[in-house]
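> Below you will find the structure I want to go over with you.
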Amino acid sequence: MDASRIAKEASHLLPLVNRVLTKYSFLTREVEHLATHSNVMYRVITESGERLVLRVGNPYANTRSNIEFEVAWIDTLNRETSIDLATPIRTAGGGLIVDEFDAELGKERPCVLFTWVPGAPLGDGAGTFGHRLWGQMSASLSKHGKSWEPPLAGQMRSWDRIFYYGAETDPVIINDPLYGHLFEAPRRGLLKKAGKIAARVIKESWADGGAQVVHGDLHEWNVHVAGSRLHAFDFEDVMIALPAQDVAISLYHSRDSDQRDVIRTAFRRGYEEVAEWPIADQSQLDGFYAARQIMLMNYAARTLPIGEAAEFLDQVTPWLQTFARRYS
């Protein structure tokens, strides 16, 4: 999404934002656009000077039920653990989600107001100390997710297949002729080959049992470092998966980094201070990496401007080629 479109959407949504904020028991001093990803984020400053973040949801990017799972788990984590989290704030009526109609979109947008997350992203550089704390956090969330029983758990998405978001929020377009300029025959062939290997890894791993509630997106930019503490946020992808899959999501971005082994060693050290390391071997980890990469390639092609999508696909294809050769 280019800067002009981001600015236009952020401005268009301001009246909706102001309507949402009237549902809370504080007065608002200032509202400022913070960031746009799949959702639109606003920095909110209350009359007393407190900083908060309002997330205006995109109904095409996530299901309403998954947002309910998200806020329910965070609410429980806050009561039952000492993990530092971006916490959803209740409205004056006691709700955690405000649905506000967007006339231009023709749909309601689910909005959640969160406490401010201090510090800077772990991905900006935190060294082995930060990566060890990250591993501890991952294991602590996994331990809690193992025992937490969400309401209507049968409706929660599951990473038991490559494209686990489902056709409603992430339709598969790899074989769609409209996207043939991004997925030419050689790349489609690679995705088919790598996909079969990754799907087999998922199937065999799930056969051993152990699926549970996991964060689903605890990568290094969804964790902030503030002093000697970490703060987690963005639980919107909460799902049923194996702890090993959750770890793979965390380590995915460093899979081909020259710091890969340093990061993984520190992360694993922290994880094992809390729980047993869930990864069976390198082939399992690579299989989960490949599954995530294929899903992200589909998502990028569908949502990014053509130039950015092409650049992303070119960037990640070599790793997938290596994976397919190694495990064929």
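None of the figures in this text is laboratory data; all of them are computed from the coordinates on show. Remember, it's a predicted structure, so these values are computed and weren't measured experimentally. For neighbour counting, all protein chains shown are included, and Cβ atoms are generated from backbone atoms with ideal geometry for every residue, glycine included.
> Go ahead and run the numbers for FRET between R326 and S158, Cβ-Cβ distance against an R0 of 25 Å, rounding to 0.05.
Taking R0 as 25 Å, the efficiency between R326 and S158 is 0.40.
> Quick check: the angle from helix 127-147's long axis to the longest principal axis of the chain, C-alpha only, nearest 10 degrees?
80
> Moving to a separate point now. With n ≥ 4 as the cut-off for DSSP H runs, can you work out [θ] at 222 nm for the chain, using -39500 (n - 2.57) per run divided by the number of residues, rounded to the nearest 500?
After summing the helix terms and dividing by residue count, I get -14500 deg cm²/dmol.
> Extension gain E30-T128, at 0.36 nm per residue separation less the Cα-Cα distance, in nm?
Residue separation times 0.36 nm, minus the Cα-Cα distance, leaves 31.5 nm.
> Between E311 and R269, what is 0.36 nm times their sequence separation minus the Cα-Cα distance? Round to one decimal in nm.
Extra length from E311 to R269 when fully extended: 11.6 nm.
> Compute the relative contact order of the stretch 7-100 as a whole-number percentage, counting only Cα pairs closer than 8 Å that sit 6 or more residues apart in sequence.
23
> Where nothing but the Cβ of Lys and Arg (+1) and of Asp and Glu (-1) is charged, how large is the charge dipole of the chain around its Cα centre, in debye to the nearest 20? Display every interim value, and only then the final one.
Numbers: 35 positive and 42 negative charges, 111 e Å.
Dipole magnitude for the chain comes out near 540 debye.
> Using only Cα atoms, tell me the angle between helix 282-303 and the longest principal axis of the chain; keep it within 0 to 90° and round to the nearest 10.
Orientation of helix 282-303: about 60 degrees from the principal axis.
> Would you mind calculating the gained length between E204 and A7 on full extension (0.36 nm times residue separation, minus the Cα-Cα distance), in nm to one decimal?
66.3 nm
> Right, something else. Could you go through the stretch 219-233 in sequence order and give the Karplus-derived ³J(HN,Hα) for each residue, using 6.51 cos²θ - 1.76 cosθ + 1.60 with θ = phi - 60°, rounded to whole Hz, and x for Gly and Pro?
Karplus values, whole Hz, x for Gly and Pro: 8, 5, 9, 10, 9, 10, 9, 9, x, 9, 10, 10, 10, 9, 8.
> If you take the beta carbon distance between K143 and A167 as r and set R0 to 41 Å, what does 1/(1 + (r/R0)^6) give as a FRET efficiency, to the nearest 0.05?
Calculated transfer efficiency: 0.80.
> I would also like to ask the following. Indicate the gyration tensor shape class of the stretch 175-328 (rounded, prolate or oblate), computed on the Cα atoms with a ≥ b ≥ c the square roots of the eigenvalues: a/c under 1.5 is rounded; otherwise a/b larger than b/c is prolate and the rest oblate.
Details: a/c = 1.85, a/b = 1.45, b/c = 1.27.
It is prolate, given that a/c is not under 1.5 and a/b is the larger ratio.
> When Cα extents along the principal axes in Å is calculated directly from the model, which label among [x] 99, 40, 31; [y] 60, 49, 38; [z] 66, 42, 38 fits?
Among [x] 99, 40, 31; [y] 60, 49, 38; [z] 66, 42, 38, the one derived from this structure is [y].
> Still on this structure: Which ³J(HN,Hα) values, rounded to whole Hz and listed in residue order, are derived for the stretch 70-78 from phi using the Karplus coefficients 6.51, -1.76 and 1.60 in 6.51 cos²θ - 1.76 cosθ + 1.60 with θ = phi - 60°, glycine and proline given as x?
Karplus values, whole Hz, x for Gly and Pro: 4, 5, 5, 5, 4, 4, 5, 4, 5.
> Additional query: Based on alpha-carbon centroids, what's the gap between the stretch 119-133 and the stretch 84-111 in Å, whole number please?
Answer, in whole Å: 30.
> Net charge around K23, counting only other residues with Cβ within less than 13 Å of its Cβ (Lys, Arg = +1; Asp, Glu = -1)?
That sum, taken over residues with Cβ under 13 Å, equals 0.
> Moving on. Convert each backbone phi in the stretch 84-91 into a coupling constant with the Karplus relation 6.51 cos²θ - 1.76 cosθ + 1.60 (shift: θ = phi - 60°), then list the ³J(HN,Hα) values in order as whole Hz, x for Gly and Pro.
So the Karplus estimates, Gly and Pro as x, are 7, 9, 6, 9, x, 9, 7, 6 Hz.
> Here is a follow-up. What number, in percent, do you get for the relative contact order of the stretch 121-327 if the mean sequence gap of Cα pairs under 8 Å and at least 6 apart is divided by its residue count?
Value for the stretch 121-327: 34 percent.
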